[in-house]
Amino acid sequence: MTHAKRAGSVIATGLALTLTLAACGGGNNDDGAGGESSEQGAKGGIVTVYHASDFEHLDPARAFVTDTGMAGQLLYRTLTAFDWDAETKKVELVGDLADKWEKSADFKTWTFTLKDNLKYEDGSPITTKDIKYNVERSFSADLSEGAPYGKDYLDCKGYKGPYSPAGNNGGKGCTAIEVPDDKTIVFKLNQAVSEFDMTASMKIFAPTPQAKDTKTQYDNRVWSSGPYKVKSYTRNKTLVLERNTNWDQATDPLRTAMPDGFEFKFGDDEAIVDQRLIAGTGADANSLSFSPVQPQNLSKLTQANVKDRIIEGTDTCRRYIAFNQQKPLLKDQKLREALYYGFDKTAYLTARGGERLNKPVDSIVPESLEGYRKNPLEVPPTGDIEKAKAALAASSYKGEKLQLGASDATDISIKAAEAAQAAWKKIGVNVDIKKIPGDNYYSTQQNDASATDLVTAGWCPDWPSLSTIVPKVLGPDNTAPGKAAQNNYGRSTIGWDKMNEIPKIADQKEATNAWADVLDEAMAAYPLVPASADNSIYVIGGNLTNTSANSDIGGLPDLTKIALKKVG
Amino acid sequence: MTLGATEASPPDGGLPSEHIAETAEAKQIEGRSLGQIAWARLKKDKVALISATLILLIIAIAVLAPLIVKISGFPPDQPNFKDSNGNDLLDTQLGGIPAGGLFGSGMSSEHWLGVEPQNGRDVFARLVYGARASLLVALGGTVVAVVLGTVVGMVAGYFRGWVDALLSRVMDILLSFPTLLFILALTPVIADRAQSTFGIPDNNTLRMGVLIFVLGFFGWAYLARIVRGQTLSIREREFIDAARSLGAGPGYVIFRQILPNLIPTLLVYATLIIPTYITAEAALSFLGVGVKEPTASWGRMISDASNWYEGNPLYLFFPGAMLFITVLAFNLLGDSVRDALDPRAGRS
């Protein structure tokens, strides 16, 4: 049961990743990867990670953005996990907490068995009961930001999470999760999911002991099952991780945990961080940043003291701008059509730092993925002004201002928003830019009351399947009628019936085709405009080794195997 | 230049007769008002003439911005990626820095001051339009500060007693605020509230209004103190007693008798407040709480350009130079106006 596949973490984009994320998965990413070092490195020392804004949610029930996808690897372990190999640039699905797993013939019952000797940071044993509890937490409306797969796939309709007022279903919790003993967990699904072992790599399948749960405050102090634990966490300033001495290397195929700790520093100006990393002196030799190199510093990457300290990588994430159909104006398909054709990809990409850091895309599906289809709507890269103007003339739009939301964590996202604004101005659509704090960006856009008209967003497939893209970006949230999925920022409603039927298709190929069909159908109503994919370039400290940009997790620098060359 | 006060008196309430005797040329027999005298002095001041010309020029640029940009050919918000020969203006392999031009600025016969990195907007057009934001906010803020400061100062100085005590404490409190920090924190809050509570869209008009209001609100106290002091001394003078004994009410006395005598003071302070507000607007835009994108503002140009100063120093230089020239011109003019109105305090 080990598929060598690329998957990806999640949302990506607004923040930390914000700038980055990159393109293309598949085979064509053999550029990149200069300066990777395979020296083993020394045990000990502290790695400093600069991050433009704080994590939205470290809580494993809520973590669903690429930055927490990476940081979470250090703090908690999931049933399965994708192991990133920097040499081959491939990921492999491995058991993290789970030793082995079995599925029933109809793919609807999955049984995972834990390894021996798994311990929390206080030395107490990790049990399947706690994994069940964390999955149940993800059903709670207060912790809704996390991966939706528990709600989507588990057969416990109407369950609302373990907290009051809904209560915990009379103590039984989600009846689709059974825990026959402390080392076994059985998931009963409402549909055939042939890749549920990949689903189990989502952070919601990490253990959280009920005794340690602080509900919405759990972000601030997650209970560690991984190689590091939280030493201190000052929101928007620093997160300091120290070694979890109860973690056992022998049980962990994924992490080498060479450094003694990590220090995340939030909110430093990216331009200053770039300067420090490019200089790379003193403590910055042990530092790296989650933000890729800023466009203005690309010309410095050829300098002698920098060129060997570069890691570069693409990913399967796709950036786009969604047109929020909850807003009366954008219910008008002709206006959306005008926005779609009026969008200038070239200008947008140039504002994001040009060809070296981005490439244009025509779909939210990565080209390398089975089921990718060339966009049937042929649009030149600079937009089709004629078509856009014609559509606008046919719409009911009368010059009203539309709000375009962009994360203020990075200069580049504001610049990109200005490029989009100028392009739409050209066809006669007035757009205002609304800056939203980076550590709150996706939460704001997921909330119907605070979402903007036009939503800058990005999506990375959770594992290589259209089922982790199409229904997430364009589909329904089946817990309530008429409710759009949390990452369906356009609140598109087309094809929902079909999306709910496709999981019943047993044949993989047929299902993929069906997803591609429904994507084409939804896209014909212009719910969003695909924009770009990133090529992330990072300058890393000279004393770091085993570094690479992990294409599987939004192209971020990989922290699971990183080490210091010299300690002391 | 209407400085015709009903009672000619120098700005400090000093001795009018001596003053005039000192400066008026002996052969001229007919009396001249203080305004005429000051005007005559100002006209002889070369610094004043040069700075006034510069200011008029900048105002003309701001007012005529659409016309100027029509001549230069590129609107301020339009991205330009190719020149008329089809060559790339930006180098997309190097993050979107202008390709070519003096010091990587992209200067050419088409784009006189180059183009902006990443977004390819014409720097000249943005510089011209940036003058609008700067001047509008600075002049607006000055008007608010001067009106508030004058009214409050005169009321405090005229009525004295508990009114004065109360208003003076308010001034003290305002003066002890860390103004820039306050403005920084307040501006986004006010703009947000206006939208959520009153449904006023957070557009550029609102942003400018908030900037004007906030700058004026935190700027009036200093002026009010000075006005209060002047009012205290003017109200003791004989012509005020005369007016009062003829039955004039406080409104008449304050606005018809005292206010004209304050005008020289107000003029001096207004010309000196304007440049500080221009700087403040630039600082706020630099820090991201100024006018909204894509409106051009010198402050935000400087902020954007600071990322690129190594590859493209001219992009930082142009808005910096405009800001410098404007502020310097206003400051020098302010000094000259003060000298003209009150030669004793001035340069020799």
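The values are calculated or read from the model by the stated rules, or taken from the named source; none is laboratory data. Not measured: the values here are computed from a predicted model. Note that each Cβ is placed from the backbone with ideal geometry, even for glycine, and that neighbours are counted across all protein chains shown. In case anyone asks, the SASA skips ligands and DNA or RNA and just uses the protein heavy atoms, side chains included. Shrake-Rupley method; radii C 1.70, N 1.55, O 1.52, S 1.80 Å.
Residues of segment B:301-320 that lose at least 30 Å² of accessible area (1.4 Å probe, protein heavy atoms only) when the other protein chains are present, relative to their chain alone, are B:N307, B:W308, B:E310. Sorted into 10 angstrom bins from 0, the C-alpha pair distances of segment A:318-534 split as 9, 36, 38, 16, 2 percent. Surface analysis of chain A yields an accessible area of 34 Å² per residue, using protein heavy atoms and a 1.4 Å probe. Please check chain B for the longest run free of GluC sites (Glu not before Pro) that are loop-located per DSSP (anything but H, G, I, E, B) and have at most 11 other Cβ atoms within 10 Å. Of all site-free stretches, the longest is B:31-235. What you get for chain A, charging only the Cβ of Lys and Arg (+1) and of Asp and Glu (-1), is a dipole of about 880 debye around the Cα centre. With all protein chains kept in place, the per residue accessible area of chain B amounts to 47 square angstrom at a probe of 1.4 angstrom. Distant-in-sequence amide contacts of A:D432, defined by a placed amide H-H separation under 5 Å and a gap of 5 or more residues or a different chain, comprise A:L402, A:Q403, A:L404.
Residue-wise HN-Hα couplings along segment B:56-68, as the Karplus relation 6.51 cos²θ - 1.76 cosθ + 1.60 with θ = phi - 60° gives them from phi, are 4, 4, 5, 5, 4, 4, 5, 5, 8, 3, x, 5, 4 Hz; Gly and Pro carry x. For segment A:448-515, the spherically averaged projection of the C-alpha convex hull amounts to 5.2 nm². For segment A:290-305, a drop of 50 Å² or more in accessible area on going from the chain alone to the assembled protein chains (1.4 Å probe) is found at A:Q296. Once the C-beta distance of B:V189 and A:Q303 is scaled by a Förster radius of 35 Å, the resulting FRET efficiency is 0.20 to the nearest 0.05.
The H on the amide N of A:S201, modeled in the peptide plane, is under 5 Å from the matching H of A:T80, each at least 5 residues off or on a different chain.
Please identify, among B:G31, B:G149, B:G288, the residue showing maximal mean-square fluctuation in a Gaussian network model of chain B using a 10 angstrom Cα cutoff. Comparing B:G31, B:G149, B:G288 in a Gaussian network model of chain B, the most mobile one is B:G31. In this structure, the amide hydrogen of A:Y228, modeled 1.01 Å from its nitrogen in the peptide plane, lies closer than 5 angstrom to those of A:N244, counting only residues at least 5 positions away or on a different chain. Legend: residue pairs A:K157/A:K498; A:K151/A:K331; A:K119/A:K472, Cα-Cα distance threshold 24 Å; pairs beyond threshold, A:K151/A:K331; A:K119/A:K472. Based on Cα atoms of segment A:514-568, Rg over Rh with Rh as the Kirkwood radius reads 1.30.
Phi angles across segment A:383-390 convert, under the Karplus curve 6.51 cos²θ - 1.76 cosθ + 1.60 with θ = phi - 60°, into 3J(HN,Hα) values of x, 10, 4, 4, 4, 4, 5, 4 Hz, Gly and Pro given as x.
For A:K100, the aspartates and glutamates whose Cα falls under 13 Å of its own Cα, not counting residues fewer than eight places away in the same chain, are A:D116, A:D197.
The alpha carbon convex hull volume per residue for segment A:172-303 rounds to 207 Å³. Set the bar at 22 Å for Cα to Cα. Now go through A:K203/A:K561; A:K237/A:K415; A:K203/A:K415; A:K265/A:K359 and name every pair that lies beyond it. Violating the 22 Å Cα-Cα cut-off are A:K237/A:K415; A:K203/A:K415; A:K265/A:K359. In segment A:333-397, the C-alpha radius of gyration followed by the widest Cα-Cα span (Dmax) gives 13.6, 39 angstrom.
Here is how the number arises for the protein assembly as shown: DSSP H runs of 4 or more residues each give -39500 (n - 2.57), the sum is divided by the residue count, and the result at 222 nm is -12000 deg cm²/dmol. Which residues make up the longest stretch of chain B that has no trypsin sites (Lys or Arg not before Pro) in a DSSP loop with at most 12 other Cβ atoms within 10 Å? The segment B:28-346 is the longest one with no such site. Evaluating 6.51 cos²θ - 1.76 cosθ + 1.60 at θ = phi - 60° for every residue in segment A:116-127, the Karplus couplings come out as 8, 6, 8, 10, 7, 5, 9, x, 6, x, 7, 10 Hz, glycine and proline recorded as x.
The Cα atoms of chain A cover 67, 61, 41 Å along the three principal axes, with the biggest extent listed first.
Here is the interface size for A with B: some 2200 Å² of accessible area buried, both sides summed, with a 1.4 Å probe.
With a 1.4 Å probe on protein heavy atoms only, tell me which residues of segment A:326-362 lose at least 50 Å² of accessible surface in the complex relative to the chain by itself. So the qualifying set is A:T350, A:E355. Overall, the anisotropy analysis places segment B:237-348 in the oblate class: the square-rooted eigenvalues a ≥ b ≥ c of its C-alpha gyration tensor yield a/c not less than 1.5, with a/b not exceeding b/c. A DSSP coil position with no more than 13 other Cβ atoms inside 10 Å describes the following GluC sites (Glu not before Pro) in segment A:43-108: A:E87. Distance between the pseudo-spin-label points of B:L136 and A:I505 (7 Å out from Cα toward the beta carbon): 5.5 nm. Under the simplified labelling scheme, the B:L328-A:D155 pair shows an inter-label distance of 8.1 nm, with each label point 7 Å from Cα along Cα→Cβ.
Surface composition of chain A: carbon plus sulfur atoms contribute 50% of the solvent-accessible area (1.4 Å probe, protein chains only, all chains present). Report D for segment B:27-135 in µm² per second (integer): Stokes-Einstein, Kirkwood Rh on Cα pairs, 25 °C, 0.890 mPa s. Calculated translational D: 147 µm²/s.
The residues packed around B:S109, meaning those with a beta-carbon under 14 Å from its beta-carbon, carry a net charge of -3 if Lys and Arg are +1 and Asp and Glu are -1.
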